[in-house]
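Heads up: the structure comes next, in structure tokens.
The values are calculated or read from the model by the stated rules, or taken from the named source; none is laboratory data. Since we're looking at a predicted model, the values are computed, not measured. Glycine gets a Cβ as well: all are built from the backbone with ideal geometry, and neighbour counts include every protein chain shown.
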Amino acid sequence: MARRILQIDLSQATPAYEQIASGLRRLLVEGAFRPGDQLPTVRSLAMDLGVHHNTVAEAYRILAGEGWLALRRGRGAVAIERQAARPGARARARFGQGLKELVAKAIAEGIPRSAVKEEIDSLDGFLRKRQ
Amino acid sequence: MTMQGNFFFMLTILMISTVVLSGFLLYKLPGLTRPDIYFSVTIRPDFRQSESAREIQASYRRQIILHSLIGIALIILAIRLKLPGALVVGVLWQVGGFLAAFLSARKKVMPHAIEPSAVREADLAPAKMELPGGWLAQAAPFAILMVTGLWLRMHWNEIPDRFPVHWGFDGRPNGWGARTPAGVFAPILMGIATCGGLFLLNHAIAAFSRRIRVGGRAAAAEGRFRHIMLCIMLGSEFFVALLLSWVGLLALRATQEGPNPAVILLGTLGLAAVVTFVLIRTGQGGTRLADASHSAFESGGEDTPIGDRTPDRYWKAGMFYINPDDPAVMVESRFGVGYTLNLGRPLAWAILILLVVVPVAAALLMKFLQ
């Protein structure tokens, strides 16, 4: 099982709740949580990350809206079996566009093209694992 | 040696030992904090090895030695002049000297302050709240006090109408209690209130403090450190429960003789020495534990130090943490070994009130009802 470590950077422009939702989503996609697994309570995760409770609660709400989590009063957030989404053509185009922008940003920041390619190739193993 | 001479001798030993023990701990403190925190300021760990850092530490330590020696001299003077009320001046001198030395050192370190890393990590594995000894050990101090209360109730008729509760330096009683529910049960209630406050602190450390390091030896050492702190707190609860149960049971003694000061002296000194040794051996956040070298606590290749994941600007005078935006109720002390309250959280104030105000109110109640 993958290690369940969540990392955020409070100096980044991306809001903390988006970083938390994004980090948790990555762990859920990787299979770090199985259906029925409990996630930390809003209070405990907020304390470890040093952010406001509402920030974590918002991230949990986003993931619950996407069908990753069930939020139950008194039990906190629980990972659930998620039905595979059926993306439309627009979603796929948006993903392609976002990926290109990310690669362009990496190159603009001076990351060598070979390193970028290496990273993209390493995703192959990740995708196979999900299948 | 007369009874009065005996009491003075015991008191001298107690006060001087207190100053020596605390002086030793204060002397060692700069080396016990996390490697990237120096005199309550976040710094690069390599700053500690610099010439200016060594000079700041040497100056601080010189002042601690000087003020501790003055404190001891004042205690001896108070004893010689037979002014027991002035004994506390020696301890207060040391405290004042420490504050001056600390604030001066902190001021010199501040120009070298560095913004700690904004990266935050959390281990999402279920965190178990483990109170040492489980709920049985946690309930034991309260059970001791309640059994004592029950015993006093069962032997109510054996309690004299007026009994000594406080003794002077000459060993003669100078405070009396009456056989009323408030007079007899006040020490028990005071014990329950104090243990309640300590239990809340223990619970707050276990449930409302941040795990600073995630993974690796540093995280394991931090876990052990937290457990040791919880054990010390539980030990203090037992100490308070036994002491106040004993005080409560004194009502049943027909004699006017005070408790043996040697027992109190040795007990208190022994406990203080053990706690001091453990704190020095552990270091803040477990940084000095055997399996955790100092390097394991350094930034791990990051450019900026991790510190204790609290911003410097919320530390007032380097000692009081007041951050309403931080959900942690307990945070690691910046200049000390252990935890301190985040005074920006309402729960912290509730704990503080229970810990200080309630026992003081119970003590005052006991005094007024005499």
Extreme residue, surrounded by the most Cβ atoms within 10 Å (Cβ to Cβ), among residues of the stretch B:151-188 that are part of a helix (DSSP H, G or I) and within 30 Å of the chain's Cα centre (by Cα): B:187
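Can you spot a residue in the stretch B:19-26 that is farther than 21 Å from residue B:282 by Cβ, touching a Gly at 6+ places or on another chain (Cβ under 9 Å), outside any loop (DSSP other than H, G, I, E, B) and aliphatic (A, V, I, L, M)? Quick ask: steps written out before the conclusion?
The initial filter retains those residues of the stretch B:19-26 that are farther than 21 Å from residue B:282 by Cβ, namely B:19.
When the remaining residues are screened for being touching a Gly at 6+ places or on another chain (Cβ under 9 Å), the result is B:19.
This time we only want the ones that are outside any loop (DSSP other than H, G, I, E, B), so: B:19.
So of that shortlist, the ones also aliphatic (A, V, I, L, M) come out as B:19.
Yes, some residue in the stretch B:19-26 is farther than 21 Å from residue B:282 by Cβ, touching a Gly at 6+ places or on another chain (Cβ under 9 Å), outside any loop (DSSP other than H, G, I, E, B) and aliphatic (A, V, I, L, M).
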Residue that is touching a residue at least 12 places away in the same chain (Cβ under 8 Å) and charged (D, E, K, R), where the choices are A:66, A:101: A:66
The stretch A:1-19, subset assigned to a helix (DSSP H, G or I) and crowded, with 19+ Cβ neighbours inside 10 Å, residue farthest from the other protein chains (Cβ to nearest Cβ): A:17
Failed criterion for residue A:91 (all others in (1) over 21 Å from residue A:44 (Cα atoms); (2) surrounded by 10 or more Cβ atoms within 10 Å (Cβ to Cβ); (3) in contact with a Gly (Cβ under 8 Å, 6 or more places away or on another chain) hold): (3)
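What are the residues in the stretch A:43-66 that are buried (at least 20 other Cβ atoms within 10 Å of the Cβ) and more than 15 Å from residue B:325 (Cα to Cα), if any? Reasoning before the result, please.
Quick first cut of the stretch A:43-66, residues buried (at least 20 other Cβ atoms within 10 Å of the Cβ) only: A:44-51, A:55-56, A:59-60, A:63.
Matches in the stretch A:43-66: A:59, A:60, A:63.
Only one residue in A:59, A:84, A:79 is within 11 Å of the chain's Cα centre (by Cα), under 26 Å from residue A:127 (Cα atoms) and more than 8 Å from chain B (Cβ to nearest Cβ). Which one? Let's see the steps before the verdict.
On the way: A:84 fails: within 11 Å of the chain's Cα centre (by Cα); A:79 fails: within 11 Å of the chain's Cα centre (by Cα).
The conditions single out A:59.
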Filter result for residue B:179 (modelled with pLDDT of 90 or more, among the charged types (D, E, K, R) and farther than 30 Å from residue B:84 by Cα): no
Among (1) under 30 Å from residue A:49 (Cα atoms); (2) modelled with pLDDT under 85 - the single one residue B:265 does not satisfy: (1)
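Can you tell me which residue among B:106, B:120 is part of a strand (DSSP E or B) and within 24 Å of residue B:320 (Cβ to Cβ)? I'd like the intermediate steps shown before the answer.
Numbers: B:106 fails: part of a strand (DSSP E or B).
Exactly one of B:106, B:120 is part of a strand (DSSP E or B) and within 24 Å of residue B:320 (Cβ to Cβ), namely B:120.
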Residue in the stretch B:359-366 that is surrounded by 15 or more Cβ atoms within 10 Å (Cβ to Cβ), part of a loop (DSSP other than H, G, I, E, B) and either of a type in the set (A, V, I, L, M, F, W, C) or at pLDDT below 90 (or both) present: no
Residue among A:76, A:96 that alone is modelled with pLDDT under 90 and touching a Ser or Thr at 6+ places or on another chain (Cβ under 7 Å): A:76
Residue in the stretch B:96-118 that is farthest from residue B:227 (Cα to Cα), counting only those that are surrounded by 16 or more Cβ atoms within 10 Å (Cβ to Cβ) and within 14 Å of chain A (Cβ to nearest Cβ): B:114
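Go through the stretch A:22-41 residue by residue and tally those that are buried (at least 21 other Cβ atoms within 10 Å of the Cβ) and part of a helix (DSSP H, G or I).
So the first thing to find is which residues in the stretch A:22-41 are buried (at least 21 other Cβ atoms within 10 Å of the Cβ), and the list is A:24, A:33, A:39-40.
Applying the additional criterion that residues be part of a helix (DSSP H, G or I) yields A:24.
Residues that pass the stated criteria total 1.
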Residue among B:201, B:234 that alone is in a helix (DSSP H, G or I), at pLDDT below 90 and buried (at least 20 other Cβ atoms within 10 Å of the Cβ): B:201
Test result for residue B:242, at pLDDT 90 or above and either of a type in the set (D, E, K, R) or touching an Asp or Glu at 6+ places or on another chain (Cβ under 9 Å) (or both): no
Any hit, the stretch A:20-37, residues being at the interface with chain B (Cβ under 9 Å from one of its Cβ atoms), more than 17 Å from the chain's Cα centre (by Cα) and not aliphatic (A, V, I, L, M): no
Criterion: out of contact with any strand residue (DSSP E or B) (no Cβ under 8 Å at 6 or more places or on another chain) and within 14 Å of another protein chain (Cβ to nearest Cβ) - qualifying residue of B:125, B:204, B:143, B:182: B:125
Odd one out for residue B:137 among (1) out of contact with any Lys or Arg (no Cβ under 7 Å at 6 or more places or on another chain); (2) surrounded by 15 or more Cβ atoms within 10 Å (Cβ to Cβ): (2)
Test: residue in the stretch B:321-328 that is aliphatic (A, V, I, L, M) and either within 14 Å of chain A (Cβ to nearest Cβ) or without any contact (Cβ under 8 Å) to a residue 60 or more places away in the chain (or both): yes
